[in-house]
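Structure first, commentary second.
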Amino acid sequence: MSDVGLDDLDRRLIVATQAGLPLVSRPYHLLGEQLGVAAADVQARLQRMLEGGQIRRIGAVPNHYAIGYTANGMSVWDVADEHVDALGATVGALAFVTHCYRRPRSLPEWPYNLFAMVHGGGRAEVAEKLARIAQILGADCRAHDVLYSTRILKKTGLRLAKT
Amino acid sequence: MPEPSEPTRQVDATDKRIINTLQDGFPLGDEPYREVAERLGISEEDLLARLHAMLESRVLTRFGPMFQVERMGGAFVLAAMRIPEADFERVAALVNGLPEVAHNYRREHAFNMWFVLATETRAGIAAAIDDITRLTGYAVHAFPKEREYFVEMKLDAA
C-alpha cells in the first residue's frame, strides 16, 4: 500500500477500525491509546484519508431490510456498447439507483453489461422503477433481468490482515 | 438462529433519524457522539446505547470508516457462481470463510451466489478466485467494473 502514500500507522488504523469505530465517548482517544499515538494523530490521519478518498466516509451502513427496503434487486441490462456510457450515466442519476456500473459480459451465459441496484418497499415498487429504467434505455436495450436478493450471506466489508 | 438478513430489532422514529444522520458522515472532534446527539436532540448515552443495540440486532451492519480499497492499491470485484441447491450451504460456508469475501448475497437466478472480493492488491483477486474454485469445485464468473456511473450507499429510513 506504500505506492499510495499510506504508512504503517495508517494501516494499523485501518485494521483497528475496519470492524467499526469504538462506541465510547472519545473514540479517537481510545484508538490513539490502542495504537500508541495521540488522539490528534488519529484525527489527522482519518481526515487525510477522507480527503484522499481512501475513506469514502465515516458512517453507518444499514441493513436494507431493517429500514423497510424489503425488495433489493440487482437489475442487469444488455445495452448497445456504443451507447452504454451515456445511458449508464442517466440511469445512475436516478434517485432510486444506489449503484450503477458497466461490467463485462460473460457470454454465452451472461449477456448483460449494465448493472443498477434498485431498492424498494416491495417487488411491485421495484418493478415500477425498472420500468422507468427500461424506458430510458429504449431500443438500445436488447434484454434485461432482475436478481432479487433473498438472503445476506455475509456483509463485513473490507478486512485487512492484522500482520 | 435468525438468518443474517433478518434484523431482530424494530426500529423506532429516533433510530431512523440516527440512521439517516449517520449516513451523512461523522465528526472528527474529540467527542463526536456528543456532537451528533446534540444535533439530534438526544443524550450522548442514548445515542451510544441505540447504536450498540442496532449493531447487535443487525439493523446496522456496521458503523465506522468505509474504506475504498481501490484508492489504496487494492481492488474490489463482483463475482458470481451457479450452485446446485443441495450444495448451496456447504459452498456458502466455504466462500464466507475467506477474508477476501466482503459481502455475499443469495439471489434468485441460475447464478444464485453473488459476492464481492476486496483485496489489498490487484493480484489478490485472481488468487482469491483460484482459492474459491479449488475449495468449492465450481467456476467463478468475475464481473470487474469497467466504469462506475454512480455509487451512493445511502438509503433513507422512511
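The values are calculated or read from the model by the stated rules, or taken from the named source; none is laboratory data. The shown structure was predicted, so the numbers you read here are calculated from the model rather than taken from an experiment. Backbone-built Cβ (ideal geometry, glycine too); neighbour counts: all protein chains shown.
Looking at B:Phe115, B:Phe143, which one is free of Cβ contacts under 8 Å to residues at least 40 places away in the same chain and either under 16 Å from A:Met74 (Cβ atoms) or of a type in the set (A, V, I, L, M, F, W, C) (or both)? I'd like the intermediate steps shown before the answer.
Values: B:Phe143 fails: free of Cβ contacts under 8 Å to residues at least 40 places away in the same chain.
Being free of Cβ contacts under 8 Å to residues at least 40 places away in the same chain and either under 16 Å from A:Met74 (Cβ atoms) or of a type in the set (A, V, I, L, M, F, W, C) (or both) holds for just one of B:Phe115, B:Phe143, which is B:Phe115.
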| said: So A:Trp77 ticks every box in (1) assigned to a strand (DSSP E or B); (2) free of Cβ contacts under 8 Å to residues at least 24 places away in the same chain; (3) in the same structural domain as A:Glu125 (by TED's automatic domain parsing) but one. Which box is left unticked? | reply: (2)
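Test of understanding: among B:Asp46, B:Asp30, B:Asp12, B:Asp24, which residue is outside the structural domain of B:Ile129 (by TED's automatic domain parsing), surrounded by fewer than 17 Cβ atoms within 10 Å (Cβ to Cβ) and touching a Gly at 6+ places or on another chain (Cβ under 9 Å)? Before you say what the answer is, go through the steps one by one.
Values: B:Asp46 fails: touching a Gly at 6+ places or on another chain (Cβ under 9 Å); B:Asp30 fails: touching a Gly at 6+ places or on another chain (Cβ under 9 Å); B:Asp12 fails: touching a Gly at 6+ places or on another chain (Cβ under 9 Å).
Testing whether each residue is outside the structural domain of B:Ile129 (by TED's automatic domain parsing), surrounded by fewer than 17 Cβ atoms within 10 Å (Cβ to Cβ) and touching a Gly at 6+ places or on another chain (Cβ under 9 Å) leaves just B:Asp24.
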| Counting only residues that are facing chain B (nearest Cβ under 7 Å), modelled with pLDDT under 95 and either on the phi < 0 side of the Ramachandran plot or surrounded by 22 or more Cβ atoms within 10 Å (Cβ to Cβ) (or both), how many does region A:19-56 have? | 4
| Failed item in (1) outside the structural domain of B:Arg106 (by TED's automatic domain parsing); (2) modelled with pLDDT of 95 or more; (3) touching a strand residue (DSSP E or B) at 6+ places or on another chain (Cβ under 9 Å), with B:Arg39 passing the rest | (3)
| field | Any chance B:Thr8 is assigned to a loop (DSSP other than H, G, I, E, B), within 22 Å of the chain's Cα centre (by Cα) and over 22 Å from A:Met74 (Cα atoms) | value | yes
| remark: Note on region A:57-86: residues more than 7 Å from every other protein chain (Cβ to nearest Cβ), crowded, with 19+ Cβ neighbours inside 10 Å and of a type in the set (S, T, N, Q) are A:Asn72, A:Ser75
| query | So which residues in region B:41-99 are of a type in the set (Phe, Trp, Tyr) and closer than 30 Å to A:Glu109 by Cβ, if there are any at all? | reply | B:Phe76, B:Phe88
